[in-house]
Amino acid sequence: MTSKPKIITRISKDQAVDFNHFRFEKDSVRLVEGSPAISEYRLKAFDTFQNFPIPDTKQEAWRRTDLRGLKPGRFVMRRSDQIELAEDEKGNPADISDDFAGSVSVSPESAKYSLDPEYEKQGVVFTDLKTAEIRHPQLLEKYLGKVIHPEEGKFAALSAALSTNGVFLYVPKNVTLEKPLQSLLFTSGMDTAFITHVVVYLDEGASATYFQEYQSTHDESDKFHSGLVEITLAENASLKYVEIQSWDQSLYNVTHERVEVGRNANLDWVLGALGSRLTKSFIDLDLIGEGATGKVSGFSFTNEKQHLDYDTQQNHHKPHTTSDLLYKVALTDDSRSVWQGMIYVAPDAVKADGYQANRNLVLNSSARADSIPGLEILADDVRCTHGATVGELDFEEIFYLMSRGIPRVEAEKMLVEGFFDPIMQRIPFEKVRARFYQAIHNKLKL
């Protein structure tokens, strides 16, 4: 389509605004003509959204992240009555590889997508959420809202009710995607609210590698993102999921993300966060089938006045399940990171094996890292361990490198790279690794 989409904000600029509350209206809920179930889900979610107050620091989950600077009443949604469908356009939005099976690129006003015809013949669906509502409503309604429920919080309900767009991936039973998939969720514009919903379902025995990135224009205009990520791995399914957050440092970001891993299924989840002014992310790994395995590897690098808060849960609901989480953070300037982790073992989840670790590298005295690991074990015969460290660059290591003729600045850069390297090597895309090493150098002002 070549015509310019019509932008709808629903709010008059002359209308009096209470900046302490969101000003979204119920008529902004996107109903689906071909699926009353999806429409009902969103309408109920909007009612839930209205009933929840905006979280404050009196709530334990938000005690270290203050939203008073958000001023939610200033944000409006930019959305379109039309959707730009470009099946024949093969884009590479994140420039990760020349060899991929499919690509989805979404902004508030448009979307484009492509998928290898061979995978289409096997029943794979990989498209933006709006297109899935039009072309696959009965398939989508089976999985939308089944992993994360609107009742879980103000922002979970907001994303469920008012998602501007998102991504839908469905891989049928025993289908293996040899080539990776990639998607980009991108926003721009002053006082823009970008609300997204990503839904992934891998049926029994299916396998895929999926790279998802969040980006925005790098300017000084305030923006807001609220998002849901719901992923389900059925029995014996396998997913390598790489998710990178590259928002600019004027954006407020709140997400709820959860993966349910079924019997003998395997998840390898890599999380990277370099952007945003403020991020609060709830990251849940739910091992719901016996023999399920999940590995979560995360990294963040904060600078200036960034505030990144990651709340992770590793939930062992069945016996013989395994979880392994490692999250590394480097901080400089006046930035702050918060990581709060919990391993939960249900009463009948015997032989569970859970591990979590958080490593923090504080590069100057003004930065601050809060690290709070936790265990809740309700079963016998399990093995669960956790640990957290906060430290600085080792002077002896710097001295050693300098004694070999390496300038101090270069020595510090090498040590920071070495700190992140074990996680970076888990990203199966060389261009992504190179790009984020460059971002790290930029934050170090090297």
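The values are calculated or read from the model by the stated rules, or taken from the named source; none is laboratory data. All values reported here derive from a predicted model rather than from experimental measurement. As a convention, Cβ positions derive from the backbone with ideal geometry for all residues, glycine included, and neighbour counts pool all protein chains shown. Keep in mind that these areas ignore ligands, DNA and RNA; they rest on the heavy atoms of the full protein, side chains included. Shrake-Rupley method; radii C 1.70, N 1.55, O 1.52, S 1.80 Å.
Which of the residues spanning segment 42-72 are surrounded by 16 or more Cβ atoms within 10 Å (Cβ to Cβ) and in contact with an Asp or Glu (Cβ under 8 Å, 6 or more places away or on another chain)?
Thr48, Trp62, Arg64, Thr65, Leu67
If I filter segment 412-422 for residues that are in contact (Cβ under 8 Å) with a residue 24 or more places away in the chain and of a type in the set (D, E, K, R), do I get at least one hit?
Yes, segment 412-422 has at least one match.
Show the residue pairs that are 6+ apart or on different chains and have beta-carbon atoms under 6 Å apart, the first residue being within segment 221-240 and farther than 14 Å from Lys280 by Cβ, the second being among the aliphatic types (A, V, I, L, M) and open to solvent by 10 Å² or more (accessible area, probe 1.4 Å).
Ser221/Met190
Condition first: over 19 Å from the mean Cα position of the chain (by Cα) and open to solvent by 20 Å² or more (accessible area, probe 1.4 Å). Now tell me which residues in segment 305-331 satisfy that.
Hits for segment 305-331 are Lys305, His317, Lys318, Pro319, His320, Thr322.
Is it true that Lys305 is under 26 Å from Ala265 (Cα atoms), in contact with a strand residue (DSSP E or B) (Cβ under 9 Å, 6 or more places away or on another chain) and in contact (Cβ under 8 Å) with a residue 12 or more places away in the chain?
Working: under 26 Å from Ala265 (Cα atoms): no; in contact with a strand residue (DSSP E or B) (Cβ under 9 Å, 6 or more places away or on another chain): yes; in contact (Cβ under 8 Å) with a residue 12 or more places away in the chain: yes.
So Lys305 does not fit the description; no.
Scan segment 121-174 for residues that are among the charged types (D, E, K, R) and under 22 Å from Glu25 (Cα atoms) and jot them down. Spell out how you get there, then give the answer.
Step one: of segment 121-174, the residues among the charged types (D, E, K, R) are 121, 128, 130, 133, 135, 141-142, 146, 151-152, 154, 173.
Lys130, Glu133, Glu151, Glu152, Lys154, listed by residue number.
Taking segment 245-271, which residues are open to solvent by 10 Å² or more (accessible area, probe 1.4 Å), at pLDDT below 95 and assigned to a loop (DSSP other than H, G, I, E, B)?
Selection gives Gln249 alone.
I'd like the full set of residues that are in a loop (DSSP other than H, G, I, E, B), touching a Lys or Arg at 6+ places or on another chain (Cβ under 9 Å) and open to solvent by 10 Å² or more (accessible area, probe 1.4 Å), limited to segment 190-244.
Met190, Asp191, Asp203, Glu204, Gly205, Thr217, Asp222, Ala234, Glu235, Asn236
Does Arg30 meet the test of being buried (at least 18 other Cβ atoms within 10 Å of the Cβ), over 19 Å from Gly189 (Cα atoms), basic (Lys, Arg) and modelled with pLDDT of 90 or more? Before the answer, list the steps.
Working: buried (at least 18 other Cβ atoms within 10 Å of the Cβ): no; over 19 Å from Gly189 (Cα atoms): yes; basic (Lys, Arg): yes; modelled with pLDDT of 90 or more: yes.
So Arg30 does not fit the description; no.
Against the definition (free of Cβ contacts under 8 Å to residues at least 60 places away in the same chain and open to solvent by 70 Å² or more (accessible area, probe 1.4 Å)), how does His386 come out, yes or no?
Numbers: free of Cβ contacts under 8 Å to residues at least 60 places away in the same chain: yes; open to solvent by 70 Å² or more (accessible area, probe 1.4 Å): yes.
Yes, satisfied.
Please specify each residue of segment 73-110 satisfying the condition of being open to solvent by 10 Å² or more (accessible area, probe 1.4 Å), modelled with pLDDT of 90 or more and more than 21 Å from Thr209 (Cα to Cα).
Arg74, Val76, Ser107
Testing Asp268 on (1) among the acidic types (Asp, Glu); (2) in contact (Cβ under 8 Å) with a residue 40 or more places away in the chain; (3) farther than 21 Å from Leu181 by Cα, one condition comes back false. Which one is that?
Among (1) among the acidic types (Asp, Glu); (2) in contact (Cβ under 8 Å) with a residue 40 or more places away in the chain; (3) farther than 21 Å from Leu181 by Cα, the lone unmet condition for Asp268 is (3).
Where residues in segment 339-351 are within 23 Å of Arg426 (Cβ to Cβ) and aliphatic (A, V, I, L, M), which of them is most open to solvent (accessible area, probe 1.4 Å)? Let's see the steps before the verdict.
Step one: filter segment 339-351 for residues within 23 Å of Arg426 (Cβ to Cβ), giving 339-343.
Next cut, aliphatic (A, V, I, L, M) only: 342-343.
On the way: Met342: 54, Ile343: 0 Å².
For segment 339-351, the residue satisfying everything is Met342.
Report whether or not Arg435 is within 18 Å of Leu274 (Cβ to Cβ) and open to solvent by 80 Å² or more (accessible area, probe 1.4 Å).
Working: within 18 Å of Leu274 (Cβ to Cβ): yes; open to solvent by 80 Å² or more (accessible area, probe 1.4 Å): yes.
The answer is yes for Arg435.
Consider segment 173-189. How many of its residues are open to solvent by less than 20 Å² (accessible area, probe 1.4 Å) and under 16 Å from Asp203 (Cα atoms)?
So the answer is 2.
What number of residues in segment 272-290 are open to solvent by 10 Å² or more (accessible area, probe 1.4 Å), more than 18 Å from Thr322 (Cβ to Cβ) and in a loop (DSSP other than H, G, I, E, B)?
Matching residues across segment 272-290 total 2.
Quick check: is even one residue across segment 149-169 of a type in the set (Ser, Thr, Tyr), open to solvent by 20 Å² or more (accessible area, probe 1.4 Å) and touching a strand residue (DSSP E or B) at 6+ places or on another chain (Cβ under 7 Å)? Reasoning before the result, please.
Going through segment 149-169, the residues of a type in the set (Ser, Thr, Tyr) turn out to be 159, 163-164.
If we keep only those that are open to solvent by 20 Å² or more (accessible area, probe 1.4 Å) too, we end up with none.
Checked segment 149-169: no residue is of a type in the set (Ser, Thr, Tyr), open to solvent by 20 Å² or more (accessible area, probe 1.4 Å) and touching a strand residue (DSSP E or B) at 6+ places or on another chain (Cβ under 7 Å).
So is Leu378 farther than 17 Å from Thr302 by Cβ, without any contact (Cβ under 8 Å) to a residue 40 or more places away in the chain and surrounded by 14 or more Cβ atoms within 10 Å (Cβ to Cβ) or not? Write out each step before concluding.
Working: farther than 17 Å from Thr302 by Cβ: yes; without any contact (Cβ under 8 Å) to a residue 40 or more places away in the chain: yes; surrounded by 14 or more Cβ atoms within 10 Å (Cβ to Cβ): no.
No.
Can you find even one residue in segment 318-339 that is under 20 Å from Arg277 (Cα atoms), among the polar types (S, T, N, Q), at pLDDT 95 or above and in a strand (DSSP E or B)?
There is at least one residue in segment 318-339 that is under 20 Å from Arg277 (Cα atoms), among the polar types (S, T, N, Q), at pLDDT 95 or above and in a strand (DSSP E or B).
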